[in-house]
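The values are calculated or read from the model by the stated rules, or taken from the named source; none is laboratory data. All values reported here derive from a predicted model rather than from experimental measurement. Cβ placement follows ideal geometry from the backbone for every residue including glycine, while neighbour counts extend to all protein chains displayed. These accessible areas exclude ligands, DNA and RNA; they are computed on the full protein's heavy atoms, side chains included. Shrake-Rupley method; radii C 1.70, N 1.55, O 1.52, S 1.80 Å.
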Amino acid sequence: MRYKSAMRILAIETSCDETAVCIIEAQGDMNADFKFEILGNALYSQIAIHALYGGVYPNLAKREHAKNLIPLLTKAFRSANYNAQSFNYKAQSLVMAKELLAREEELYEQLIEFLKIHPKPDIDAIAVTKGPGLEPALWVGVNLARALSIVWGIPLVGVDHMEGHVMTSLMDFVNPSSGLMQKFEFPLLALLISGGHTELVLSHEWMQYAVIGRTRDDAVGEAFDKVARLLGFPYPGGPAISSLAALDRASHQKPSLKFTPPMLHSNDLDFSFSGIKTEVRKFVDGETPDDEMKMAIARAFEDAVAAVLITKTLRAVEEFEVQTVVVGGGVSANTYIRQQLGDALAKTDQAKLLVPPADLATDNAIMIGLAGYFHAIKKDFADPATLRADGNLNLART
Ligand code: KG4
Ligand code: ZN
């Protein structure tokens, strides 16, 4: 049953190596009356393909998104009970869709087949990740969303991927398919740690952000992936490093190795992770370490990374009298970082920590649907004729 005051959002995410589509129904505003339900959710991870090459190749990611979007859309529609039914669209709207997807011939052909059996659905807005991310990959999702918005006459919302990560952490998942919003106070600080980003974002007001710290070189997830590669693990290596480090902690109380936490004592809130990767590379020195040494390296690396992430987060909490800290992005799935940050914040007795469910820490479309909903209720719509993907989109400017 559809609630009368609820909005249904179709969301599309293609910023990196996950192709994802979902349909959520939500109602209420940011405070206690907000609730949502996931009606359909489909995700295809390209990890296995990129693992063969040791990292994400933007043009390969783009091709895979183009190939998989319509099958995922079909799957999400089926779960949401938008049943197939033949339909004829106005030729003019299909011409515009063809122009938008001129460089994605296969996607256009698949879209036409999809539209033959899907009339305009009961959806109030289409939300799509417009950035940041890999630009060729972003464009595929953006152009499909623009085409659907034009063909169906449904408003379009361009979403900042990082805002999606923040929103996911603010939710209270009552069960895997529905939830409410957590109770939280401003100022809110978001530690956004993923394969492409490492940022500290401050928010004094709902949906207003300022970036107060960022990485000067590699993102933290990238450092996890590079160190994992040095130890012989496939992309993305974050989970492998994390498991090895946990094994080492379980077998020796004291670490046998130490790396330098990068920029720990710098007088700002910035990060840098390329130096520690170099330190690990020099230490390994072209050899493949034995299993015991791999565990020691993983632990020392994770210790150093956690130390700097936590120190800078605590510094920002103190400086801005932060009441709520959220962690988002793929690296927020890391158990040790979550636990250490939780312990450190508990000691300050000031800020509450909110983390996303582990399976929604990495990229997905639900995060985009949630952020898209809050823009849609403010009627913050994009023009489907002009919405652009922006690989360097900055949360502070959205
Ligand atoms: O947010 P995400 O799915 O994609 C980007 O927007 O980048 O993050 C992916 C990153 C990868 O670098 C991956 O190695 C890292 O998150 N990651 C982890 C863990 N799980 C995923 N890093 C450390 N520990 C983990 N448990
Ligand atoms: Zn992400």
remark   = Computed on Cα atoms, the radius of gyration and Dmax of the stretch 244-398 in angstrom are 19.3, 60
task = Quick one: check the C-alpha center-to-center distance for the stretch 207-264 versus the stretch 292-355, whole angstrom.
result = 12 Å
task = Using only the alpha-carbon atoms of the stretch 5-90, report the extent along each of the three principal axes, biggest first, to the nearest angstrom.
result = 47, 40, 22
query = Ignoring ligands, DNA and RNA, what accessible area per residue does the stretch 80-182 give at 1.4 Å, in Å²?
reply = 41 Å²
task = Report, to two decimal places, the Cα Rg of the stretch 186-322 normalised by 2.2 N^0.38 Å (N = number of residues).
result = 1.11
remark   = In units of 2.2 N^0.38 Å, the Cα radius of gyration of the chain is 1.01
key: Cα convex hull of the stretch 302-355, projected area averaged across orientations, nm²   = 3.3 nm²
ask   = Relative contact order for the chain: what is it in percent, counting Cα pairs under 8 Å that are at least 6 residues apart?
value = 23 percent
remark   = Scalar couplings 3J(HN,Hα) for the stretch 101-108 by Karplus 6.51 cos²θ - 1.76 cosθ + 1.60 (θ = phi - 60°), nearest whole Hz, x for Gly and Pro, are 9, 4, 8, 10, 4, 5, 5, 4
message = Considering only protein heavy atoms and a probe of 1.4 Å, how much of the accessible area of the stretch 186-322 is carbon and sulfur, as a whole percent?
response = 51 percent
inquiry  = Taking 2.2 N^0.38 Å as the expected size of a compact globular protein, what ratio does the Cα radius of gyration of the stretch 318-395 give against it, to two decimals?
reply    = 1.42
message = Eigenvalues of the Cα gyration tensor times 5, then square-rooted: what semi-axes does that give for the stretch 108-249, in whole angstrom, largest first?
response = 33, 23, 17
key: Label point distance in nm, LEU52-THR386, each placed 7 Å from Cα along Cα→Cβ   = 4.2 nm
key: Sum of side-chain charges, PRO255 neighbourhood, beta-carbon under 9 Å (Lys, Arg +1; Asp, Glu -1)   = +2
query = Can you pick out the pairs among LYS75/LYS352; LYS312/LYS347; LYS130/LYS312; LYS98/LYS378; LYS62/LYS277 whose Cα atoms lie more than 26 Å from each other?
reply = LYS75/LYS352; LYS130/LYS312; LYS98/LYS378; LYS62/LYS277
query = Sorted by average packing, counted as other Cβ atoms within 10 angstrom per residue and highest first, what order do 194-202, 274-282 take?
reply = 194-202, 274-282
note = Per the rule of 0.36 nm per residue minus the C-alpha distance, extending GLN92 to LYS120 adds in nm 8.6 nm
note = With the 1.4 Å probe rolled over protein heavy atoms, the stretch 186-322 has an accessible area per residue in Å² of 45 Å²
key: Burial ranking of peptide ranges 369-379, 316-326, 179-189, 331-341 (average Cβ count within 10 Å, highest at the top)   = 369-379, 331-341, 316-326, 179-189
